[in-house]
Amino acid sequence: MALDGSAAIKPDKYGQVHEPALWQHLGEFTALEQEGNAYICRGTKGSAAIVFLSDNVFRAKIFHGEQVDLTTTVAVLPQSGSVNVSVSEEAERVVFRTMSIQVAMDKRDLSLAVEDLNGRLIMQQQPVAWNARGEMHALYAMPEDSHFYGLGEKTSFLDKRGEKYTNWNTDVYAPHVPEIEALYESIPLLIHMVDGRSYGLFLDNPGRSDFDMRSQETLFKIGCSTGAYDLYFIHGPELKDVVKRYTGLTGRMDLPPKWAIGYHQSRYSYMNQQEVLELARTFRAKQIPCDVIYLDIHYMDEYRVFTFDPVRFPDPEGMIEELRGMGIRIVPIVDPGVKKDAKYAAYQEGVRENHFVKKLEGDIFFGEVWPGTSAFPDFTEDRTAEWWGEKHKFYTDLGIQGIWNDMNEPALFNESKTMDLDAMHGNNGKPLTHEELHNIYGMLMSKATYEGLREQLNGQRPFVLTRAGYAGIQRYAAVWTGDNRSFWEHMALAMPMVMNMGLSGIPFAGPDIGGFAHDTSSELLIRWTQMGAFFPYCRNHSAIGTVRQEPWSFGEKAEGILREYIGLRYRFMPHLYNLFHEAAVDGLPVLRPLLLEYPNDPNVVNLCDQFLIGNNLLIAPVYRPDTTHRAVYLPEGTWIDYWTGEAHEGGRHILANAPLAIMPMYVKAGTMLAEGVLKQSADDAAEEKVTLHVYGAQASEGFTATYQLYEDDGVSFAYQAGAHSELAVQVTGGSDSVAIRWSYSDTAGFRVNREQLGFTLQQPGFVPQDVAGLTKMSLESIEAGHEGWAWDDVKRVLHIQVVDRDEGGQLVITV
Ligand code: GLC
């Protein structure tokens with residue numbers, strides 16, 4: 001008989017010990033102290049620091065003891081500026097007042113309530129609680145008419161009411177379905193909207209955090225498993241204010257290079273140099289615009305980062321040069337795992353110079369990824385981030401300007417799917433476990449990459465794409481939404497996902513168009529590309545072993561439709577770029593839920609199968625098979641069908657006709673769009689022309705439409721030193737005329753080299769009789785480049801073409 005050891009009575013054999021969670025609170029208020037700009041509120045069992053960053057944003061950080069540490073993660077930008085706060089102590093509360101809000105701290109338990117200056121309650125917190133295991137949470141009032149947004153990249157619909165999510169960056173290859181609580185990115189920002197008024201709560205904690213809007217009827221919960229309860233309150237009341245202020249806190253993107261907002265083609269993997277070149281030639285031969293081809297893991301020598309496979313890619317430099325001749329750039333994938341291989345330079349360096357994540361005991365932490373056993377750079381150390389950035393000289397020396405960061409959750413092939421929780425990060429002298437820093441690892445990798453590229457590209461703008469990220473990732477990278485599938489459901493899911501990413505500060509996002517895993521179909525690819533052509537980030541990518549999904553994979557008819565829509569993206573490039581500029585300036589997303597523009601319209605609180613590009617172009621994709629009609633909701637105003645010119649009164653649903661070649665699109669009357677010329681790559685400057693389309697102009701007093709077109713060289717950082725121009729266009733109606741005035745400002749450092757400017761009046765409420773000073777001519781003459789005007793009676797469009805002069809100009813159209 002085998003003798004049993006004590007292991008026979010290991011406690012876990014008898015089930016879990018029931019332990020009632022003992023939650024502690026800060027206790028009663030004892031004193032208020034001021035340290036610099038922080039108000040330290042002392043309680044009998046802990047402290048809370050309140051720091052006002054502006055009249056509308058404050059931080060409340062909780063401390064278990066007396067010690068106060070006001071450092072932040074890198075998510076939060078250094079904040080400057082002083083705020084006038086008046087503090088008054090009342091019998092039951094301490095009240096902090098700014099020009100916009102009033103924050104009352106309850107003396108019984110140090111919980112917070114925020115009111116506006118009219119005494120209207122905005123946010124009501126219950127006391128922050130923690131237990132002996134270091135978990136912390138607080139509950140917040142959830143009135144009946146509550147709606148929730150933000151939280152970055154999550155499954156399910158736009159409104160997160162009734163949902164529950166975890167923030168723990170996770171490589172989820174198994175399908176993205178509603179019950180998946182965590183994906184690759186963690187943006188712990190929750191926007192709470194009640195009666196059309198919004199505020200945001202951002203929990204700056206890069207460990208695991210939880211947001212529960214499901215479990216209780218009148219309360220929602222924000223908690224974390226480790227680390228600090230470091231909460232930022234962001235006042236609205238407009239949803240746009242919350243987004244602007246949140247991005248003021250965590251940063252905004254720099255303008256991307258224009259080529260990065262072109263069409264991108266990828267596959268896991270284009271296997272060799274010939275295949276890549278052939279692919280590029282096919283795009284050009286078929287006249288399908290394309291700016292980027294991606295190199296997935298097979299370009300590397302046995303998946304060693306910073307190498308090319310010598311057999312499959314014998315001459316990367318020659319290949320890249322040839323591609324550049326065709327206007328196409330290469331973006332290679334770079335994963336964090338560095339192959340354990342004594343003969344491999346990056347590994348040798350990493351070990352010798354002490355760059356890899358270690359266990360506390362001093363051994364390097366190893367994990368399995370594509371190259372087999374690998375070590376992982378510790379990006380929390382600035383010196384390692386710099387080393388990693390410098391290693392990218394390998395790519396930039398070859399002419400590469402963009403890098404694709406993947407597997408940076410970090411994703412590992414083990415049961416937990418990631419690094420051991422007790423692996424240690426140096427964190428610039430303040431060591432923490434991986435458990436405490438998990439969600440920030442991927443962002444720090446992209447930061448290191450971005451900064452390295454920026455250093456090496458001699459003033460050219462880098463492009464970084466990432467899968468994992470944390471709050472603030474928008475400063476360094478575009479984000480794609482990971483391994484979706486060629487499911488119609490996943491096409492539909494991409495809309496709310498990218499909308500919420502936009503509300504969470506990430507304007508440059510998009511899914512794998514056509515779907516990554518599983519086999520796409522002709523129809524799905526068509527519908528998805530129609531939609532994807534308007535997504536801020538636009539890449540077709542598919543997995544190894546799936547059917548091909550390059551634009552020509554399904555015959556000529558499909559190819560024709562795809563060419564048309566990809567082309568449409570390029571024609572809309574001036575407008576798209578303008579919106580990217582807006583995102584860079586004030587953080588507003590390019591792709592917007594209708595809610596952002598119409599926060600008081602109850603029909604749009606959870607509307608997420610149609611979206612706006614900017615504030616006036618409404619896109620209503622078809623996202624079901626064999627479907628040629630769909631309901632479209634048009635908010636207030638008049639909306640003009642982009643394809644037919646038909647005008648519809650808004651504030652109601654219409655049934656749109658959508659045969660396979662048509663994705664319903666509407667432009668709001670009284671607004672404008674800027675269109676450029678169709679190019680095969682975004683930074684092709686051979687021919688420049690911009691046409692400003694005015695929708696639904698009226699020859700009556702009170703009609704106005706305006707547009708500001710921002711332009712710069714699209715590739716360098718010279719714009720930050722003033723090398724850009726703004727074209728301001730104003731269209732005004734008179735009693736029987738319409739005037740167009742335009743002028744340039746800021747042209748000292750930059751002016752697009754173009755000869756002509758076009759204007760069209762789409763569906764004006766009149767038939768034009770004359771355009772003062774210009775000759776009436778045929779449409780053909782306009783197309784041939786002459787200055788003049790033409791009226792298309794069939795389509796009801798007035799075309800005007802003038803010489804584009806620095807001093808601007810003015811035109812009067814009489815009816
Ligand atoms: C991951 C990425 C996917 C990539 C693959 C191979 O699954 O999400 O985009 O193609 O790895 O590198």
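Read-outs throughout are calculated quantities, based only on the coordinates presented, and are distinct from any laboratory measurement. Because the structure is a prediction, the values reported are computed rather than measured. Don't worry about glycine lacking a Cβ; one is built from the backbone with ideal geometry, like all the others, and counts go over all protein chains shown.
Computed packing ranks the peptides 97-103, 7-13, 508-514, 28-34 as 508-514, 97-103, 28-34, 7-13, most packed first, by mean other Cβ atoms within 10 Å.
For the pair H64 and L678 in one chain, pulling the backbone fully straight at 0.36 nm per residue adds 215.0 nm over the alpha carbon distance. Summarised in one figure, the compactness ratio Rg/Rh of the stretch 24-250, Cα atoms and Kirkwood Rh, is 0.95. Exposure proxy shown here: for D519, D145, the number of other Cβ atoms within 10 Å sets the order, fewest to most, as D145, D519. Each residue of the stretch 344-353 was assigned a 3J(HN,Hα) from its phi angle through the Karplus curve 6.51 cos²θ - 1.76 cosθ + 1.60 (θ = phi - 60°); the sequence is 10, 4, 4, 5, 4, 4, x, 6, 4, 9 Hz, with glycine and proline shown as x.
Modelled this way, with points 7 Å down the Cα-to-C-beta line, the labels at A285 and Q708 are 4.7 nm from one another.
What the Cβ-Cβ distance of R741 and L779 gives, at R0 = 22 Å and to the nearest 0.05, is a FRET efficiency of 0.35. Between F29, A280, V242, the Cα set farthest toward the positive side of the dipole of the chain (charges on each charged residue's Cβ, about the Cα centre) is that of A280.
Only residues of the stretch 335-363 count here: report those whose backbone N is under 19 Å from the spot 7 Å along Cα→Cβ of E302, or say none. So the set is 335-352. Summarising the label geometry, the points placed 7 Å from Cα in the beta-carbon direction at E179 and N37 lie 4.7 nm from one another.
Let me check against my output: what whole-number percent is the relative contact order of the chain, with C-alpha pairs under 8 Å and at least 6 apart?
On the way: 1996 pairs, mean separation 74.4, N = 815.
About 9 percent, as a whole number.
Our summary gives the stretch 687-814 a relative contact order of 28 percent, counting only alpha carbon pairs under 8 angstrom and 6 or more residues apart. Given R0 = 56 Å, the distance between the Cβ atoms of V767 and K164 translates into a calculated FRET efficiency of 0.45. Once R0 is set to 45 Å, what does the formula 1/(1 + (r/R0)^6) return for the Cβ-Cβ distance between A631 and E317, expressed as a FRET efficiency to the nearest 0.05? That pair, A631 with E317, gives E of 0.25. Backbone geometry of the stretch 653-661 corresponds, through the Karplus equation with coefficients 6.51, -1.76 and 1.60 at θ = phi - 60°, to 3J(HN,Hα) couplings of 8, 10, 9, 8, 8, 9, x, 3, 7 Hz, x marking Gly and Pro. A dipole drawn for the chain from +1 and -1 charges on Cβ atoms has a positive end, and of M424, H137, A228 the residue lying farthest that way is H137.
Principal-axis analysis of the Cα atoms of the chain puts helix 382-391 at an angle of about 40° to the longest axis.
In debye, nearest 20, what is the charge dipole magnitude of the chain about its Cα centre with +1 on Lys and Arg Cβ and -1 on Asp and Glu Cβ, if you could check?
My answer is approximately 300 debye.
With neighbours defined as other Cβ atoms within 10 Å of a residue's Cβ, the residues D291, D171, D683 order from fewest to most as D683, D171, D291.
Extension gain for S416 to Q720 (0.36 nm times residue separation, less C-alpha to C-alpha distance): 105.1 nm. Computed over the stretch 1-106, relative contact order equals 14 percent, with contacts defined as Cα pairs under 8 Å that lie 6+ residues apart.
Here the gap between M326 and E649, fully extended at 0.36 nm per residue and compared with their Cα-Cα distance, gives a gain of 111.7 nm.
Anything over 26 Å Cα to Cα? Flag those among K339/K391; K154/K679; K393/K447, in the order listed. Beyond 26 Å: K154/K679.
Computed from backbone phi, the HN-Hα couplings of the stretch 713-729 come to 6, x, 10, 10, 8, 4, 4, 6, 9, x, 7, 7, 9, 10, 9, 9, 10 Hz, rounded to whole numbers (Karplus: 6.51 cos²θ - 1.76 cosθ + 1.60, θ = phi - 60°; Gly and Pro given as x). Remark: V74, V311 ranked as V311, V74, counting other beta-carbon atoms within 10 Å and listing the fewest first.
Of all beta bridges that DSSP places with both ends in the chain, some 85 percent have antiparallel geometry. Judged by the mean number of other Cβ atoms found within 10 Å, the most tightly packed of the peptides 374-380, 80-86, 357-363, 642-648 leads the ranking 374-380, 642-648, 357-363, 80-86. Would you please classify the overall shape of the chain from the alpha carbon gyration tensor, given that a ≥ b ≥ c denote the square roots of the eigenvalues, rounded means a/c under 1.5, and beyond that prolate means a/b larger than b/c while oblate covers the rest? Cα axes put the chain in the oblate bin. The order of the peptides 121-128, 717-724 by mean Cβ neighbours within 10 Å, most packed first, is 121-128, 717-724.
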